[in-house]
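For reference, the structure is listed below as structure tokens.
The values are calculated or read from the model by the stated rules, or taken from the named source; none is laboratory data. The model shown is predicted, which means the values in this text are computed figures rather than measured ones. Here the Cβ positions follow ideal geometry from the backbone for every residue, glycine too, while neighbour counts run over all protein chains shown.
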Amino acid sequence: MASAPTASARKGSGWFESWGGMAIGFASFFVIWHIAATWLVGSALFPPPWPVFLRGIVLAREGLLQDQILASLSRIMQGFLLGSILGVPIGLAMGSFMPVRKILEPYTEFLRFIPAVAMITVAVIWFGIGEESKVFLIIYTTIFIVIINTATGVAGIARNKIRAAQSLGASRWQIFLHVALPATVPFILTGMRLAMANSFTTIVAAELVASNDGLGKMLWDARLFMQIEDIFVALVCLGLLGFLVDRLFRWAIRTFAGRFSPLL
């Protein structure tokens, strides 16, 4: 009769699934990149990973790479936090009260189908090429995704949970605080996770058009001067930053919302 796996075996298996598998995935990505750059495309316009890594080290030692990363992250975080702070209460109100939903839904549905990239010209006209225009675009990118996910979460709460709370004498405020809000947390965090991914796309587009620094500006300058390795340094940085931020959101969803959604 086979014995059950020990705790140490389960721990080792979990470690491999979370970190070992990830390391293999990254390693295979760089191997495929190297093969494609060396044998299929040619290194003139598609440099292999090692020269890109060395160029990244040079830029980091000069302090240029850190400056570009911090400039882009600062804009993303400012706009993302403001957009989330505005979007969550609006979404809660739309999901909780039908009149509010009927009034605000046309605006939300109309504006969310206008991509943030299309709003770059408007942002520059309104706010100039300074920080305000980039932050506005990130807010615009974030707010509608958070609103819709939050409203969907509130509206989708099982009626039997609300009726059970009412039968126990809970007030509307207690139902919102102890039933509706906790059940909506997975939707809020998922909406924020999706909005963060879109924020990276938006900030690069905004910095390509009008900016003095940032990873988007780095991409633009590298293209003008055909600095191919700098282009790939910026692309790798964007990918790694996005990956790390997404892992942080996945951890937050499992930690703070896992008990409300067993599928997370």
**Message:** Can you list residue pairs whose Cβ atoms sit under 6 Å apart, with the first residue in region 46-58 being in contact (Cβ under 8 Å) with a residue 40 or more places away in the chain and under 8 Å from Glu229 (Cα atoms) and the second being of a type in the set (Asp, Glu) and surrounded by 15 or more Cβ atoms within 10 Å (Cβ to Cβ)? Count only pairs 6 or more apart in sequence or on different chains.
**Reply:** Pro47/Glu229; Pro51/Glu229; Val52/Glu229; Arg55/Glu229
**Item:** Failed criterion for Ile114 (all others in (1) over 21 Å from the mean Cα position of the chain (by Cα); (2) β-branched (Val, Ile, Thr); (3) exposed (fewer than 14 other Cβ atoms within 10 Å of the Cβ) hold)
**Value:** (1)
**Request:** Test Ser72 against the stated conditions and say whether it is of a type in the set (S, T, N, Q), under 20 Å from Gly153 (Cβ atoms) and in contact (Cβ under 8 Å) with a residue 40 or more places away in the chain.
**Result:** no
**Message:** Under 8 Å between Cβ atoms, which residue pairs at least 6 apart in sequence (or on different chains) link something in region 182-196 that is farther than 17 Å from Ala93 by Cα with a partner that is of a type in the set (D, E, K, R)?
**Reply:** Arg193/Asp246; Arg193/Arg250; Met196/Asp246
**Request:** Return the total of residues in region 50-70 being surrounded by 14 or more Cβ atoms within 10 Å (Cβ to Cβ), more than 25 Å from the chain's Cα centre (by Cα) and more than 15 Å from Met218 (Cα to Cα).
**Result:** 1
**Prompt:** Of all residues in region 140-181, which are in contact (Cβ under 8 Å) with a residue 40 or more places away in the chain, within 14 Å of Ser96 (Cα to Cα) and among the β-branched types (Val, Ile, Thr)?
**Reply:** Ile147, Ile148, Thr150, Thr152, Val154
**Residues within region 119-155 that are modelled with pLDDT under 90 and under 19 Å from Leu194 (Cα atoms), tallied** = 3
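Restricting the search to region 225-235, which residues are assigned to a helix (DSSP H, G or I) and not small (Gly, Ala, Ser)? Steps first, please.
Quick first cut of region 225-235, residues assigned to a helix (DSSP H, G or I) only: 228-235.
Across region 225-235, the qualifying residues are Ile228, Glu229, Asp230, Ile231, Phe232, Val233, Leu235.
Quick one: which helices (runs of 4 or more DSSP H) sit completely within region 1-81 and have at least 2 residues that are at pLDDT 70 or above? Talk me through it step by step, then tell me what you get.
Numbers: elements: 7-15, 21-35, 49-62.
Helices (runs of 4 or more DSSP H) meeting the threshold: 21-35, 49-62.
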**Item:** Near pairs, Cβ below 9 angstrom, 6+ apart or cross-chain, from region 102-120 (assigned to a loop (DSSP other than H, G, I, E, B)) to any residue that is surrounded by fewer than 15 Cβ atoms within 10 Å (Cβ to Cβ)
**Value:** none
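Which of the residues that make up region 172-200 are of a type in the set (Lys, Arg) and buried (at least 17 other Cβ atoms within 10 Å of the Cβ)? Break it down into steps so the answer makes sense when it comes.
Filtering region 172-200 down to residues of a type in the set (Lys, Arg) leaves 172, 193.
Answer for region 172-200, where residues must be of a type in the set (Lys, Arg) and buried (at least 17 other Cβ atoms within 10 Å of the Cβ): just Arg193.
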**Prompt:** Which of the residues belonging to region 58-77 are of a type in the set (S, T, N, Q) and more than 17 Å from Met196 (Cβ to Cβ)?
**Reply:** Gln66, Gln68
**Request:** Residues being part of a helix (DSSP H, G or I) and free of Cβ contacts under 8 Å to residues at least 60 places away in the same chain: count how many of those fall in region 122-139.
**Result:** 7
